[in-house]
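Okay, so here's the structure we're looking at.
The values are calculated or read from the model by the stated rules, or taken from the named source; none is laboratory data. In this text the structure is predicted, and so the values were computed from the model without any measurement. When we count neighbours, we look across all protein chains shown, and the Cβ atoms used for this are built from the backbone with ideal geometry, even at glycine.
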Amino acid sequence: MAGKSSRRNNTIATFENNGKLKAADVRFVLASASPRRRQLLLQAGMDFEVLPAAGEEKSSKTDPAAYVQELAAHKASEIARFIRTGEEKPQRPWTCVIGADTIVVCGGKILGKPADEEDAEGMLRMLQGRDHEVMTGVCAVFLKAPSGAGDSPLKVAFSETTKVHVFRMTGDEIRSYIRTGEPMDKAGAYGIQGRFGIYVRGIEGDYNNVVGLPIARLYQELKQYILF
């Protein structure tokens, strides 16, 4: 199932009279400090702000798709709460907070960011010479201004899956790659858009999903509710 998550889960948001919002009436906020996600949103031509979530990345879920969606929801919800309790005057009638998180799944094991170089080496030894899946969970929280503490925000959530095929790597190649420093802030200890690209035999699905944000899928989801 190239590029499609077999565990798609959408929470459908509805607006007044089931109408759509105008993009000009929506303030977009990215709840992530990732430069890769920021670049993908810029490539899509979106006007947005960055307010990174600071909470700990933890989930009680065991299913990978549910796990990564919960992480994304935590990020979006944290920033949504911050905005709702803030004293600033709303800039636009609506705010859309976008949270995202990416994991690697290999042999049923969920891999996040490595804790240290030893952890990174263990992850890369696990991934080399075999296939794995990259999953990105995305959660968009819509807030209407003004909103009271009792108002329930509207949410759209989904996950996207891409299969990645990796060439065999020698121990020296793994250690050399780790010395670049590239693996340390990335799920699964690699970045497909960087030096690790020479070890990728191919992918099935969305390349941008592996980078960190399935921007095409996100746009298709959002345009169900927003007139861009």
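For residue 114, the stated conditions hold: it is assigned to a loop (DSSP other than H, G, I, E, B) and in contact (Cβ under 8 Å) with a residue 40 or more places away in the chain. Kindly indicate whether residue 195 is in contact (Cβ under 8 Å) with a residue 40 or more places away in the chain, surrounded by fewer than 18 Cβ atoms within 10 Å (Cβ to Cβ) and farther than 23 Å from residue 57 by Cβ. No, not satisfied.
Annotation: residue 39 fulfils all but one of (1) more than 15 Å from the chain's Cα centre (by Cα); (2) modelled with pLDDT of 95 or more; the unmet one is (1).
Within the range 167-206, the set of residues being closer than 18 Å to residue 65 by Cα and either assigned to a helix (DSSP H, G or I) or among the acidic types (Asp, Glu) (or both) comprises 187, 188, 204, 206.
Of the residues 151, 131, 172, the single one that is surrounded by fewer than 19 Cβ atoms within 10 Å (Cβ to Cβ), acidic (Asp, Glu), modelled with pLDDT under 95 and over 13 Å from the mean Cα position of the chain (by Cα) is 151. Within the range 38-59, the set of residues being surrounded by fewer than 12 Cβ atoms within 10 Å (Cβ to Cβ) and touching a residue at least 40 places away in the same chain (Cβ under 8 Å) comprises 43 only. Among the residues of the range 194-201, not a single one is touching a Lys or Arg at 6+ places or on another chain (Cβ under 8 Å) and charged (D, E, K, R). The set of residues in the range 67-98 being surrounded by fewer than 16 Cβ atoms within 10 Å (Cβ to Cβ) and either touching a Pro at 6+ places or on another chain (Cβ under 6 Å) or not in a loop (DSSP other than H, G, I, E, B) (or both) consists of 81, 82, 85.
Within the range 152-166, being touching a residue at least 40 places away in the same chain (Cβ under 8 Å) and outside any strand (DSSP E or B) holds for one residue alone: 153.
For the criterion of being acidic (Asp, Glu), under 20 Å from residue 92 (Cα atoms) and out of contact with any Leu (no Cβ under 9 Å at 6 or more places or on another chain), residue 63 fails. Testing residue 107 on (1) touching a residue at least 40 places away in the same chain (Cβ under 8 Å); (2) surrounded by fewer than 15 Cβ atoms within 10 Å (Cβ to Cβ); (3) not polar (S, T, N, Q), one condition comes back false. Which one is that? Condition not satisfied by residue 107: (1). Residue by residue through the range 23-66, note down the ones that are assigned to a loop (DSSP other than H, G, I, E, B) and of a type in the set (Gly, Ala, Ser). 31, 32, 33, 34, 44, 45, 53, 54, 55, 59, 60, listed by residue number. Evaluation of residue 184 against the conditions (1) in contact with a Pro (Cβ under 8 Å, 6 or more places away or on another chain); (2) crowded, with 18+ Cβ neighbours inside 10 Å; (3) over 30 Å from residue 228 (Cα atoms) shows that the sole unmet condition is (2). Of all the listed residues (122, 137, 212), the sole one being modelled with pLDDT of 95 or more, surrounded by fewer than 22 Cβ atoms within 10 Å (Cβ to Cβ) and either small (Gly, Ala, Ser) or within 13 Å of the chain's Cα centre (by Cα) (or both) is 122.
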